[in-house]
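First up is the structure itself, then whatever we jot down about it.
The values are calculated or read from the model by the stated rules, or taken from the named source; none is laboratory data. Small disclaimer: the values here were computed from a predicted structure and weren't measured. No Cβ is skipped: glycine too gets one built from the backbone with ideal geometry, and neighbour counts run over all protein chains shown.
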Amino acid sequence: MEKFVVLTGPSCIGKGPLYSALQRFYPEIAARFRKLVLFNDRDTRPGEEDGVDFFFRPRAEIERLRGAEGYVVAEVRNDLQALEVAQIRRILDAGNIPFYEGNLYILNKLRAAGIFEQFPTLSVFLSPLSREEIIYLKAPERKVDLAALVADVQRRKLLLRSKRQKGILSLKDLEDIEKRCNSAIIEMREAWRFQHVIHLHDGEGNDNWDAFYHPIGNARKALLTFVDLLRGDTDTTGVDAGWTEDLVP
């Protein structure tokens with residue numbers, strides 16, 4: 001598979017655990033993956049490494065990349081991020097698979113620049129709700145505020161992750177969580193643009209990823225579906241088909 005692989009979704013949806021599980025249980029697939037490393041102006045989180053997770057740089061340095069040839073720059077919730085587009089070609093030329101695991105906003109910049117048309121691409125969006133759940137919840141008789149519900153779903157995941165990383169949270173931490181959880185519904189409105197959608201209830205920090213050695217529950221199903229797609233089986237039952245532009249109000 002000589003493709004540019006894209007995995008995105010709201011903050012804390014479970015992109016990182018999914019990739020970690022792929023590396024652990026399907027090393028023969030993950031061995032050729034090379035993650036694109038973005039520039040980011042935020043502070044490092046526990047366990048992150050400069051040059052591996054991100055290039056952590058001052059905001060002013062990343063601002064200077066705006067308009068620079070070969071770079072895309074985007075405001076990502078509370079962060080400023082950038083990507084050197086040439087990474088994709090260098091990885092492909094080396095016989096490996098460029099892998100983007102991250103936010104939607106940089107991808108929108110790549111799409112606007114026509115980058116997706118330059119490379120064979122497999123794009124996957126991870127959603128906190130399935131298509132069926134969205135249709136059920138947004139029916140008028142349910143009287144559900146879908147945006148508020150999605151924000152609450154992601155807020156719980158974000159609080160869990162942040163507390164595990166930092167313990168006591170500051171006001172800045174809580175404000176960042178609110179920004180991220182309220183962005184989820186906005187990002188879900190873009191899911192229809194991707195080739196495949198996988199609904200993933202088990203977000204970052206969920207025990208279903210590694211508490212029992214093997215992934216279980218929805219985490220396992222999402223992993224198996226992602227593997228099927230990477231192997232070229234686009235008819236896998238785990239894909240949440242039928243997403244349209246008007247699905248998420």
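A compact table of results
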{"item": "Number of the condition not met by Leu104 [criteria: (1) in contact (Cβ under 8 Å) with a residue 12 or more places away in the chain; (2) surrounded by fewer than 16 Cβ atoms within 10 Å (Cβ to Cβ)]", "result": "(2)"}
{"item": "Ala82 being crowded, with 19+ Cβ neighbours inside 10 Å and not in a strand (DSSP E or B)", "result": "no"}
{"item": "Checklist (1) touching a Pro at 6+ places or on another chain (Cβ under 8 Å); (2) within 28 Å of Val239 (Cβ to Cβ) applied to Asp41, failing item", "result": "(2)"}
{"item": "Some residue of the range 207-217 being buried (at least 17 other Cβ atoms within 10 Å of the Cβ) and either in a helix (DSSP H, G or I) or at pLDDT below 95 (or both)", "result": "no"}
{"item": "Some residue of the range 175-192 being over 16 Å from the mean Cα position of the chain (by Cα) and among the polar types (S, T, N, Q)", "result": "no"}
{"item": "Test: Arg90 is basic (Lys, Arg), in contact with a His (Cβ under 9 Å, 6 or more places away or on another chain) and surrounded by 12 or more Cβ atoms within 10 Å (Cβ to Cβ)", "result": "no"}
{"item": "Thr236 vs. criteria within 28 Å of Lys3 (Cβ to Cβ), surrounded by 15 or more Cβ atoms within 10 Å (Cβ to Cβ), in contact with an Asp or Glu (Cβ under 8 Å, 6 or more places away or on another chain) and of a type in the set (Val, Ile, Thr)", "result": "yes"}
